[in-house]
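**Student:** Pasting a structure below so you can have a look.
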Amino acid sequence: MTKVLLIGATGMAGQEIYQAATKAGLAVTAQVRHADKARELFGTGVTVLEQDALTLSKDELANFDVVVNAFSTSPAEADNHQKLAEHLVHRLGGDQRLLVILGLARC
């Protein structure tokens with residue numbers, strides 16, 4: 001079974017991706033800042049990694065076949081998108097896949 005780490009699972013895009021991925025039979029781990037919110041949205045059976053995405057180690061990421069980055073932040077901290085992308089690229093192995101989901105909302 002494909003193991004997926006979904007960064008930002010409780011955000012708008014993350015919620016939709018989580019539902020689609022679990023419905024497709026993928027083993028999804030929801031990386032979030034607040035585990036309680038993930039359990040509220042997805043139920044008590046959700047697998048949660050409660051941690052700042054910028055602190056994910058190479059060893060932690062090695063547990064996943066695919067990393068989906070649906071991270072969201074305020075416009076004032078938009079540079080965190082680049083920081084997280086660089087962080088992930090430098091820690092993923094050659095056989096892992098990285099998908100980055102970016103959106104734009106009115107501010």
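Rule-based calculations on the coordinates, nothing more; no lab input. What you see is a predicted model; the values in this text were computed from it and never measured. Heads up, the Cβs are rebuilt from the backbone with ideal geometry, glycines too, and the neighbour counts pull from every protein chain shown.
Residue by residue, here is whether (1) over 26 Å from MET1 (Cα atoms); (2) surrounded by 10 or more Cβ atoms within 10 Å (Cβ to Cβ); (3) among the acidic types (Asp, Glu) holds:
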| site | (1), (2), (3) |
| --- | --- |
| LEU41 | no, yes, no |
| THR44 | no, no, no |
| LYS58 | no, yes, no |
| HIS81 | yes, yes, no |
| HIS90 | no, no, no |
| LEU99 | no, yes, no |
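**Student:** Of ALA85, ALA30, ALA53, which residue is touching a Leu at 6+ places or on another chain (Cβ under 6 Å), farther than 12 Å from VAL4 by Cα and surrounded by 15 or more Cβ atoms within 10 Å (Cβ to Cβ)?
**Tutor:** Answer to the check: ALA53.
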